[in-house]
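Asks: Next up is a structure, given as structure tokens.
Please treat every number below as a calculation from the coordinates, not as lab data. Remember, it's a predicted structure, so these values are computed and weren't measured experimentally. Glycine also receives a Cβ, built like all others from the backbone with ideal geometry; neighbour counts cover every protein chain displayed.
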Amino acid sequence: MAQLKFGVGQPHKRVEDASLLTGGGRYVADAAAASDAWVGLVVRSPYAHARFAFADLEIARALPGVRLILTADDLADYGDMPMAAAITIVGEDKLWVPGHPMLAGGTARHVGDPIAYIVADTLSAARDAAEALEIDWDALPAVADLGVAAEDGAPLVYAERPGNIAFTSEFGDAAASEAAFATARHVVRLRLVNNRIVTNYMETRGVLAEVEESGRIRLTLGSQGSHLLRNAIADKVLKWDREQLRVITPDVGGGFGTKMFPFCEYPLTALAARMLNHAVAWIGERNEHFQGDSQGRDNITDVALALDADGRFLGLEVDTLANMGAYLSYYGPFVPWGGASMLPGLYKIGAFHARVRGVYSNSAPVDAYRGAGRPEAAYVIERIVDAAARQIGIPPEELRRCNFISPDEMPYRTKTGRLYDSGEFNGHMTRALELADHAGFAARAAKSRAVGKLRGFGFASYIEACGGGGAEPAFLTLGVDGRVTVKIGSQSSGQGHQTAYAQLVANELQLPLADVRVLQGDTDDLANGSGTGGSRSIPIGGAAVAGAARRMAEALKELGADALETDPADLEFLDGALAVAGTDRRLSLAELANLPSATADHLNATDAFAASEATYPNGTHACEVEIDPDTGSVELVEYVVVDDFGMTLNPLLLAGQVHGGIAQGVGQALLERTVYDEDGQLITASFMDYAMPRAADLPDIRFETRNVPCRTNPLGVKGAGEAGAIGSCPAVMNAVVDALWRSHGIGHLDMPATPLAVFDAIRAVRRSA
């Protein structure tokens with residue numbers, strides 16, 4: 001087959017962008033504005049922990065324009081918000097799951113906890129009603145800080161759960177780990193704080209509920225998977241038949257994991273629309289996002305690494321506290337539990353033991369955020385490896401090199417049961433250091449010192465598990481216009497699925513990308529779909545699309561062989577047509593679709609793919625920072641990354657994913673932190689208080705791939721959507737600590753490395769000198 005200009009591996013620009021950049025995008029708020037929907041408003045708790053009672057609802061209900069006010073008393077016939085994290089607990093301290101009501105009834109457990117839902121003709125009328133609510137509050141002791149919440153005597157989020165522990169799970173072999181540490185020549189220890197951060201997608205969440213003529217409710221909402229939300233809302237919360245609920249996802253302005261989950265506003269708005277027999281829309285405001293949407297990270301980890309005299313890793317011991325917030329969110333417990341399986345990283349480790357404890361606190365729930373446990377794991381192992389290199393006096397690259405799993409040991413089963421199928425870890429680390437000119441760092445550091453700056457070099461080699469899970473079906477149809485329609489249950493929120501899936505189809509049928517249409521996001525189009533999360537859209541969904549395209553190609557060759565009076569083996573797809581090889585005899589795809597002999601079997605194809613094992617993308621991030629010791633400001637001046645994604649479908653899309661992930665990792669490492677005060681009040685409740693990375697905070701990023709095809713899907717591709725956020729945090733912090741270690745002997749600093757944090761660390765050393 002001739003190489004198609006826009007087939008697999010080609011750097012085609014996103015076909016979605018022309019519409020989006022010229023205002024053609026259609027988001028939830030656009031759909032709401034174009035409807036006659038009344039306005040939904042959520043009344044939220046101003047207290048982190050309090051008992052409350054509505055003294056009088058009738059005054060608010062009687063205000064002009066007010067259509068409905070719901071409280072927990074109105075929801076007795078409905079279910080709680082679901083928690084779907086299936087985790088295996090080893091030990092006696094099993095997962096304790098409290099109810100997570102749509103609306104809190106009698107007790108609010110975090111600032112922003114929903115307590116009432118108002119529907120009115122206008123937003124101003126809804127706000128007036130909220131102001132008119134008479135609520136009696138009785139503040140209770142609160143605790144939002146993870147470390148404090150886990151201490152003896154801390155205020156209890158739930159009286160029924162002493163110690164605020166949601167679950168305790170252990171991994172590995174404690175006895176083997178203890179024995180390994182007993183024989184170690186070196187033991188290195190660190191306490192690491194992985195700071196809580198807010199997802200902060202560009203488009204806040206929203207939902208429009210409309211009543212169809214049949215009485216069915218149609219929800220238009222921004223999501224990462226319409227089917228998942230339909231099933232969760234209908235099955236678990238509203239207890240409706242799925243046929244009573246249609247979910248449509250239009251364009252989505254970012255998701256990063258959070259938009260995969262059901263939130264209370266969705267069933268509340270659906271229920272209100274049914275009760276009123278009228279459309280209702282709720283569009284979240286940014287302060288609601290800070291208060292009420294699930295947040296990310298928030299771990300405290302004590303880690304110890306045991307090494308022999310040659311620097312070999314004998315044992316790894318990890319003890320993690322993970323903040324769950326006030327309620328268990330949809331995947332919340334799975335994040336630290338699943339992430340723990342990646343703690344060994346890319347290394348051969350003789351013995352391993354970890355304990356993970358989920359902790360309740362009076363804060364917003366924590367759930368998956370770009371990487372969902374794997375960034376936390378990579379941060380732990382890559383920070384402790386760098387600390388070990390400093391402590392025992394081995395260059396960090398040499399320490400890694402002598403402990404990497406080698407290619408000839410693949411497939412490799414880790415101590416946590418993960419099965420790595422492919423990878424050349426030393427190869428991408430070596431290339432990243434070459435690309436970053438590690439050998440020339442000393443000269444650059446000297447130039448920085450000459451102008452009063454501190455320069456540091458840091459890198460991190462990561463591996464993650466993604467791109468697994470259940471089957472994702474793909475359906476292809478060739479229309480009479482010669483265009484192919486792809487229906488699939490994944491959901492783009494900015495990744496470029498329209499382009500990527502079109503390239504897979506074009507690769508088989510050799511037609512222009514403009515002739516491939518991708519339909520996602522409507523539960524009426526497909527019976528089921530798994531959505532987008534865990535970097536699975538291309539390894540799973542892409543494999544299904546490619547498989548369906550191959551089936552369609554075979555069927556069309558059978559169809560065309562009769563019309564062209566030749567054998568199917570003599571046919572090839574070329575320039576949007578089916579041609580007899582070596583001749584000018586051909587039929588366009590439109591002509592094929594219109595042949596009298598064309599049947600549904602010729603014009604439709606389907607395939608589904610489910611992976612038996614995850615994919616394991618891996619790579620090395622390397623960077624340099626300059627620090628002004630007089631102000632503590634950190635400037636990221638160089639950044640390179642070499643990744644193994646198995647196969648590159650589209651280099652431009654891939655680079656965009658990596659760059660975006662790096663930006664989020666840099667944001668967490670240097671800028672972002674969610675702060676609650678000792679009373680559980682949210683201090684960082686807006687962009688006035690919460691720092692976000694900007695373009696000026698990033699240098700030019702040099703990105704290369706060093707792909708080793710994976711063996712767990714037919715494309716050989718490894719998931720790429722989260723990788724940038726996984727390697728970046730430890731790389732940046734290793735660079736910051738390297739600069740501080742060289743200049744002041746400072747061997748540890750927690751994220752974010754803000755100017756104040758860096759300045760205070762330097763000042764503490766100067767004062768003690």
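Asks: Specify, per residue and in Å³, the volume enclosed by the convex hull of the alpha carbon atoms belonging to the stretch 625-698.
Replies: So the per-residue hull volume is 150 Å³.
Asks: Strictly greater than 23 Å: what percent of every Cα pair in the stretch 424-553 meets that?
Replies: 51
Asks: Farthest toward the dipole's positive end in the stretch 628-769, which of PHE759, GLY667, GLY727, given Cβ charges of +1 (Lys, Arg) and -1 (Asp, Glu) about the Cα centre?
Replies: Highest projection toward the positive end goes to GLY727.
Asks: Another question, if that's okay. In the stretch 300-375, what % of DSSP beta bridges are antiparallel (nearest 5)?
Replies: That works out to approximately 45 percent antiparallel.
Asks: Ok, one more. Hey, if you put +1 on the Cβ of every Lys and Arg and -1 on every Asp and Glu Cβ in the stretch 1-115, which of VAL66, THR88, TYR78 ends up farthest toward the positive end of that dipole?
Replies: The residue sitting farthest along the positive end of the dipole is THR88.
Asks: Past 29 Å, Cα to Cα: identify those pairs from LYS94/LYS236; LYS13/LYS259; LYS259/LYS487; LYS94/LYS239; LYS236/LYS415; LYS13/LYS487, in the order given.
Replies: Going by Cα-Cα distance, LYS236/LYS415 fall outside the 29 Å limit.
Asks: Given Cβ point charges of +1 (Lys, Arg) and -1 (Asp, Glu) and nothing else, what value in debye, to the nearest 20, does the dipole of the stretch 174-223 about its Cα centre take?
Replies: Dipole about the Cα centre, nearest 20: 500 debye.
Asks: Please arrange SER461, SER633, SER214 by how many other C-beta atoms lie within 10 Å of their C-beta, fewest to most.
Replies: Ranking SER461, SER633, SER214 by Cβ neighbours within 10 Å, fewest first, gives SER214, SER633, SER461.
Asks: Taking neighbour Cβ counts within 10 Å as the exposure measure, how do GLU472, GLU58 sort from fewest upward?
Replies: Result, fewest neighbours first: GLU58, GLU472.
Asks: If you don't mind, there's one more thing I want to ask. I need the GluC sites (Glu not before Pro) found in the stretch 155-197, filtered to DSSP loop residues with at most 11 other beta carbons within 10 Å of theirs.
Replies: Loop-located and lightly packed - GLU160.
Asks: Rounded to a whole number, what is D in µm²/s for the chain from Stokes-Einstein with the Kirkwood radius over alpha-carbon pairs (37 °C, 0.692 mPa s)?
Replies: After rounding, the answer is 119 µm²/s.
Asks: With n ≥ 4 as the cut-off for DSSP H runs, can you work out [θ] at 222 nm for the chain, using -39500 (n - 2.57) per run divided by the number of residues, rounded to the nearest 500?
Replies: After summing the helix terms and dividing by the residues of the chain, the value is -8500 deg cm²/dmol.
Asks: From the alpha carbon gyration tensor of the stretch 20-81, can you work out the equivalent ellipsoid semi-axes (sqrt of 5 times each eigenvalue) and give them in Å, largest to smallest?
Replies: 32, 17, 13
Asks: In the P(r) worked out for the stretch 1-113, what percent of Cα pairs fall beyond 22 Å?
Replies: Considering the stretch 1-113, 65 percent of its Cα-Cα pairs are separated by more than 22 Å.
Asks: What do you get for Rg/Rh over the stretch 269-358 if you use C-alpha atoms and the Kirkwood form of Rh?
Replies: Computed over Cα atoms, the ratio is 1.27.
Asks: Which GluC sites (Glu not before Pro) in the stretch 202-249 pass both tests, a DSSP loop state and at most 14 other beta-carbon atoms within 10 Å?
Replies: Listed in order of number, the matching sites are GLU212, GLU213.
Asks: Ok, one more. Would you mind telling me the antiparallel percentage of the DSSP bridges in the stretch 464-576, rounded to 5?
Replies: Here the antiparallel bridges make up roughly 55 percent for the stretch 464-576.
Asks: Sort 281-290, 430-439 by packing, meaning the average of other beta carbons within 10 Å per residue, with the highest value first.
Replies: Final packing ranking: 281-290, 430-439.
Asks: Let me ask something additional. Once Rh for the stretch 96-232 is found with the Kirkwood sum over Cα pairs, what is the Stokes-Einstein diffusion coefficient at 4 °C and 1.567 mPa s, in µm²/s?
Replies: The diffusion coefficient I find is 62 µm²/s.
Asks: Cα centroid distance between the stretch 557-617 and the stretch 58-94, in Å?
Replies: Between the Cα centres of the stretch 557-617 and the stretch 58-94 lies a distance of 51 Å.
Asks: Something else now. Give me log10 I(q)/I(0) at q = 0.21, 0.25, 0.26 Å⁻¹ for the stretch 176-248, Debye formula, one equal scatterer per alpha-carbon, no solvent.
Replies: Result of the Debye calculation: -0.97, -1.13, -1.17.
Asks: Here is a further query. Can you find, among GLY482, LEU652, VAL518, the residue farthest towards the positive end of the dipole of the chain? Put +1 on the C-beta of Lys and Arg, -1 on that of Asp and Glu.
Replies: LEU652
Asks: Listed highest first by mean packing, meaning other Cβ atoms within 10 Å per residue, what order do 264-270, 119-125 come in?
Replies: 264-270, 119-125
Asks: What FRET efficiency, computed as 1/(1 + (r/R0)^6) with R0 = 25 Å and r the Cβ-Cβ distance, is obtained for ARG185 and ALA764, rounded to the nearest 0.05?
Replies: Calculated transfer efficiency: 0.25.
Asks: Let me ask something additional. Which of ILE233, ILE394 comes first, and how do the rest follow, when ranked by fewest Cβ neighbours within 10 Å?
Replies: ILE394, ILE233
Asks: Is any helix in the chain, taking whole DSSP H runs, at least 24 angstrom long along its axis by alpha carbon and on average at least -1.0 on the Kyte-Doolittle scale, and which ones?
Replies: Result, helices passing both filters: 374-392, 543-564, 651-670, 723-744.
Asks: What per residue convex hull volume, in Å³, comes out for the stretch 539-690 when only alpha-carbon positions are used?
Replies: 248
Asks: Given charges of +1 on the Cβ of Lys and Arg and -1 on the Cβ of Asp and Glu, with all other atoms neutral, how large is the dipole of the chain about its Cα centre, in debye to the nearest 20?
Replies: My answer is approximately 1580 debye.
Asks: Additional query: Let me check against my output: what whole-number percent is the relative contact order of the stretch 1-131, with C-alpha pairs under 8 Å and at least 6 apart?
Replies: 39 percent.
Asks: How big is the charge dipole of the stretch 616-674 about its Cα centre, in debye rounded to the nearest 20, if each Lys and Arg gets +1 on its Cβ and each Asp and Glu gets -1 on its Cβ?
Replies: That gives the stretch 616-674 a dipole magnitude of about 360 debye.
Asks: Please compute the alpha carbon radius of gyration of the stretch 376-435, then divide it by the globular-protein estimate 2.2 N^0.38 Å. Two decimals is fine.
Replies: 1.21
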